[in-house]
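Notes to accompany the following structure.
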Amino acid sequence: MAAKSNTLVKRIEFLSPEGITLSALLTEKPNTSSNQVVILCHGFLSHSNSIIIRGLTSQLPYNICAIDFRGNGFSTGTTKYGNYLEEVVDLKNWVDHLREVLNFNVLGIIGHSKGSSVVLLYASKYNQVPLIVNIAARFNMTDLPMHRFTPEQLTELEVKGNIVWRRYQHNTEEKDFIVSQLDLTTKKNTDMSVVKNIDKERVRVLSVHGEKDTTIPVEEVSMYDRLMGPEPYHEVAIIKEATHFFRTPEELRELSKVIINWMNKNFNWAQDVLFN
């Protein structure tokens, strides 16, 4: 299909089978195949216009659909601390919508942090999209980051069963983000070892991690490599001096370069998977 001549950016929405309005920013770029798209998935309490998502959208040479998971950005519904599997449902709905309603071929999915764990869980279950990029996903969910809560919050959580942890921006308003004991248990029980179920004949994965990530230890990427490797099925890239959030222009340029090189290397293979 012919390439486009001008970049088009628009917000798109649809009502999911669960009754949630899911929102995304669709960027269609010139000099790209008009019917291929890459999905970007944001991290915890983030959105489709965050620094890393905005940076990747501008630098990657593909049509981009940057989605908002339920309760984040401009999507309705409620987000939770450990609702990875709910977000897998949102991602599956987006893949189906892009394919069946908007007539795109979904070439790849790129996730960051929590969103990356969601992408890997999605790939382990559906094996529908050939190129998967994991940016700084946590593997060991049993080691809950309880240091994020104050001693007072931990006491309240034990007594009441839930707390207002912090405020966060959802659409145009600030909302309370509530964390419950059930949320913590759900997160702790999320089993990332299911990535071993990813079909090596239909899916390849790139895992990228910042060398100086203090949020999710860089060592966690080796756990993914043991289950998904070796190359070409799984490739690991450690970016020197990079942190968890890839906020600086230098970090974003290096991250984009690594992703582009890997996707170019696997592009013909992915086309064969999509069309054969």
accessible surface per residue for the chain, probe 1.4 Å, DNA/RNA/ligands not counted, whole Å² -> 45
Check: C-alpha center the range 46-121 vs C-alpha center the range 166-206, spacing in Å is 12
Between the modelled labels at THR21 and TRP269 (7 Å from Cα along Cα→Cβ) the distance in nm is 4.2
For the range 186-202, Karplus-derived ³J(HN,Hα) couplings (6.51, -1.76, 1.60; θ = phi - 60°; whole Hz; x for glycine and proline) come out as 4, 4, 4, 8, 6, 9, 7, 5, 5, 4, 5, 7, 4, 6, 5, 7, 10
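Given a Förster distance of 41 Å, report the FRET efficiency between ASP191 and GLU241 from their Cβ-Cβ distance, rounded to the nearest 0.05. Don't skip to the end; give the middle numbers.
Values: r = 32 Å, r/R0 = 0.79.
With a Förster radius of 41 Å, E is 0.80.
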With the range 78-127 reduced to its Cα atoms and the Debye formula applied, log10 I(q)/I(0) at q = 0.14, 0.26, 0.32 1/Å amounts to -0.35, -1.03, -1.27
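Tell me the carbon and sulfur percent of the accessible area for the range 5-120, rounded to whole percent, probe radius 1.4 Å. Numbers along the way, then the final one.
Working: 2020 of 3850 Å².
That fraction is 52 percent.
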Of the listed links LYS212/LYS257; LYS29/LYS187; LYS29/LYS175, those spanning more than 29 angstrom between alpha carbons are LYS29/LYS187; LYS29/LYS175
Here the percent of antiparallel bridges among DSSP beta bridges lying wholly in the range 135-276, to the nearest 5, is 55
Within the range 97-120, the residues whose backbone N lies under 20 Å from a label point placed 7 Å from the Cα of ARG202 along the Cα-to-Cβ direction are 97-101, 103-111, 118-120
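When DSSP beta bridges are limited to those with both residues in the range 34-181, what percentage is antiparallel, rounded to the nearest 5?
Details: 8 of 23 bridges.
Taking every DSSP beta bridge with both residues in the range 34-181, the antiparallel ones total about 35 percent.
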Mean-square fluctuation maximum in Gaussian network of the chain, Cα pairs under 10 Å, restricted to THR214, THR79, THR150, hits THR150
So the FRET efficiency between ARG11 and THR78, C-beta based with R0 = 22 Å and rounded to 0.05, is 0.60
Scalar couplings 3J(HN,Hα) for the range 66-73 by Karplus 6.51 cos²θ - 1.76 cosθ + 1.60 (θ = phi - 60°), nearest whole Hz, x for Gly and Pro, are 9, 9, 9, 5, 3, x, 10, x
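The values are calculated or read from the model by the stated rules, or taken from the named source; none is laboratory data. Predicted, not measured: the structure shown is a model, and the values here were computed from it. In this analysis, Cβ positions are derived from the backbone assuming ideal geometry, glycine residues included, and neighbour counts consider all displayed protein chains. In case anyone asks, the SASA skips ligands and DNA or RNA and just uses the protein heavy atoms, side chains included. Shrake-Rupley method; radii C 1.70, N 1.55, O 1.52, S 1.80 Å.
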